[in-house]
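Reading through the structure tokens given below for one structure.
The numbers here are math on the coordinates, done by the rules we state, and not lab data. Bear in mind the structure is a predicted one, so any value in this text is a computation, not a measurement. Virtual Cβ from ideal backbone geometry, glycine too; neighbours counted across all protein chains shown.
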Amino acid sequence: MRLIIMGPPGAGKGTQAKYIAEHFGIPAISTGDIFRANVTAGTPLGVQAQSFMDKGEYVPDEVTNLMVRNRIDEPDAEPGFLLDGYPRTLAQVEELDGMIRFTGHALDAVVVLTVDQDEIVQRLLQRAEVEGRADDTEDVIRRRQEVYVEQTEPLIGVYRDRNLLIEVDGMGEVEVVTQRIFDALDVVPQS
Ligand code: ADP
């Protein structure tokens with residue numbers, strides 16, 4: 001399976017991504033997690049990414065694309081993968097198309113979690129207290145939401161036109177949302 005999970009910041013992508021990946025026996029690849037790990041380790045990639053992340057802006061496409069390309073090339077991603085947080089721009093969509101075409105496979109489905117914006121700000125502020133993520137302050141959360149609407153929401157139409165889109169209600173208990181996703185994905189034919 002080659003899957004994407006999308007949704008606004010705080011929609012629960014990361015949480016659901018882990019369950020979906022486990023269910024299909026594929027790695028969950030989170031660009032946000034990879035960037036954060038690099039920031040913590042102080043790698044050149046982390047240094048490059050940090051200033052953008054701290055402001056709630058997207059890391060430049062060239063940097064992100066190369067990172068994903070390298071990750072997808074790893075042996076564990078050969079049977080498939082679930083991307084969480086990528087693609088986020090139209091340029092990234094094209095880049096991913098190229099990467100997948102190169103492997104001779106195709107994208108199987110794009111899951112979009114739909115959520116209530118107000119609820120989400122609350123969730124993210126709560127997460128800020130628990131996890132202490134540097135970009136979970138109210139100003140930065142709002143900026144991430146704006147950037148999502150401007151740059152990432154248009155991708156939903158692109159994947160809908162390709163008949164790959166699966167919209168799932170992301171509100172409610174984690175396990176309930178997970179079950180909704182499984183119900184929708186279990187009927188998708190695998191390429
Ligand atoms: P969220 O979805 O809650 O905003 P993520 O953990 O997915 O959080 O991403 C955190 C930050 O990492 C983003 O705000 C952005 O700066 C950077 N980032 C993650 N994925 C991408 C991407 N595909 N393109 C550009 N920047 C990205």
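When you look at Arg162, is it surrounded by fewer than 18 Cβ atoms within 10 Å (Cβ to Cβ) and within 30 Å of Asp54 (Cβ to Cβ), yes or no? For Arg162, the condition - surrounded by fewer than 18 Cβ atoms within 10 Å (Cβ to Cβ) and within 30 Å of Asp54 (Cβ to Cβ) - is not met. Sub-6 Å Cβ pairs linking a first residue in the stretch 46-62 that is under 15 Å from Gln151 (Cβ atoms) to a second residue that is part of a helix (DSSP H, G or I) and more than 9 Å from the ligand (Cβ to nearest atom), at least 6 apart or interchain, are Asp61/Ala91, ordered by first then second residue.
State which residue is nearest to Leu113 (Cα to Cα) when the search covers only the stretch 153-191 and only residues that are of a type in the set (D, E, K, R) and assigned to a loop (DSSP other than H, G, I, E, B). In this case the residue turns out to be Glu153.
Of all the listed residues (Val47, Val63), the sole one being out of contact with any strand residue (DSSP E or B) (no Cβ under 6 Å at 6 or more places or on another chain), closer than 21 Å to Arg133 by Cα and either surrounded by fewer than 18 Cβ atoms within 10 Å (Cβ to Cβ) or of a type in the set (A, V, I, L, M, F, W, C) (or both) is Val47.
Let's see how each residue does on (1) touching an Asp or Glu at 6+ places or on another chain (Cβ under 8 Å); (2) among the charged types (D, E, K, R):
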{"site": "Asp116", "(1), (2)": "no, yes"}
{"site": "Arg133", "(1), (2)": "no, yes"}
{"site": "Glu138", "(1), (2)": "no, yes"}
{"site": "Ile141", "(1), (2)": "yes, no"}
{"site": "Leu155", "(1), (2)": "no, no"}
